[in-house]
Amino acid sequence: MIDFCLKPLDSRSRFSLIANHRCYREKGHDGKCSEYPYLQDLEKTHKKVAQKIKRDSTNTTGAAWASADAGPNRILRWAMLLSDEELRGYELDMSQLRPGIVAKLREKAAPYEDCMQVAMKLTWLVYQMPDAPTPPDSIRRYLETRCATKVAQEKSRWAMLEVEPI
Ligand SMILES: [Zn+2]
């Protein structure tokens with residue numbers, strides 16, 4: 001297994017201190033760091049799919065949140081690891097939400113690293129779909145070495161994260 005570069009990346013996200021964004025290219029790579037190097041091709045050819053992979057792996061599911069008492073709609077999963085008090089510092093008042101909604105948001109909390117793993121595996125699954133584009137060799141190898149054997153065993157974890165079907 002080849003290690004990741006993991007150099008810290010700048011991010012404009014207001015929750016970036018919690019996420020601690022990292023480079024997920026291979027250790028010792030040339031050129032610029034990148035958080036989602038394996039999405040490079042889909043970003044060019046199937047932008048919506050690439051965006052969906054990022055969104056579903058890093059955000060809580062959206063659905064009903066956009067109602068009157070909705071509060072955060074599709075908030076970053078790692079933000080939901082913060083306490084109510086810490087979230088008030090981000091102007092998110094969980095006490096304004098119905099308990100059912102709070103429970104649902106909290107249930108979808110996940111650390112940044114877990115979300116990055118899910119994004120990788122989702123991408124690999126997308127490339128396995130019928131009619132999927134063929135990934136460039138470098139991306140295929142990157143995903144195969146990291147995802148091919150693990151996906152089946154981790155279905156339950158995915159269910160926990162409630163990744164939406166593509
Ligand atoms: Zn890097």
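Based on alpha-carbon centroids, what's the gap between the range 7-59 and the range 75-121 in Å, whole number please?
Cα centroid to Cα centroid, the span is 20 Å.
Skipping prolines and chain starts, which residues have an amide H placed within reach, meaning under 5 Å, of the one on residue 59, given they are 5 or more residues away or on another chain?
Hits under the 5 Å cutoff: 77.
Mind checking which lysines have their C-alpha under 25 Å from residue 7, skipping anything on the same chain fewer than 8 residues away?
Residue 7 reaches 27, 32, 44, 52, 54, 121, 150.
Per residue of the range 10-15, what does 6.51 cos²θ - 1.76 cosθ + 1.60 with θ = phi - 60° give for ³J(HN,Hα)? Whole Hz please, x for Gly and Pro, Karplus curve as stated.
Once rounded to whole Hz, the list reads 6, 8, 8, 4, 6, 9.
I'd like the Karplus ³J(HN,Hα) series for the range 120-135: coefficients 6.51, -1.76, 1.60, θ = phi - 60°, whole numbers in Hz, and an x wherever there's a Gly or Pro.
Using θ = phi - 60°, the values come out as 4, 5, 4, 4, 4, 5, 4, 5, 7, 5, x, 6, 5, x, 7, x Hz.
Enumerate the amide H contacts of residue 4 below 5 Å, restricted to partners 5 or more residues apart or on another chain; note that Pro and chain-start residues carry no placed amide H.
27
Collect residues whose amide H, placed 1.01 Å from N in the peptide plane, falls under 5 Å from the amide H of residue 22; neighbours closer than 5 in sequence don't count.
Those lying under 5 Å, H to H, from residue 22 are 9.
I need the phi-derived Karplus couplings for the range 44-58: 6.51 cos²θ - 1.76 cosθ + 1.60, θ = phi - 60°, integer Hz, Gly and Pro marked x.
With coefficients 6.51, -1.76 and 1.60, one gets 7, 9, 9, 4, 5, 5, 4, 5, 5, 4, 5, 5, 5, 7, 10 Hz.
Rule-based calculations on the coordinates, nothing more; no lab input. Note that the coordinates shown come from a computational prediction; the quantities given were computed from them, not determined experimentally.
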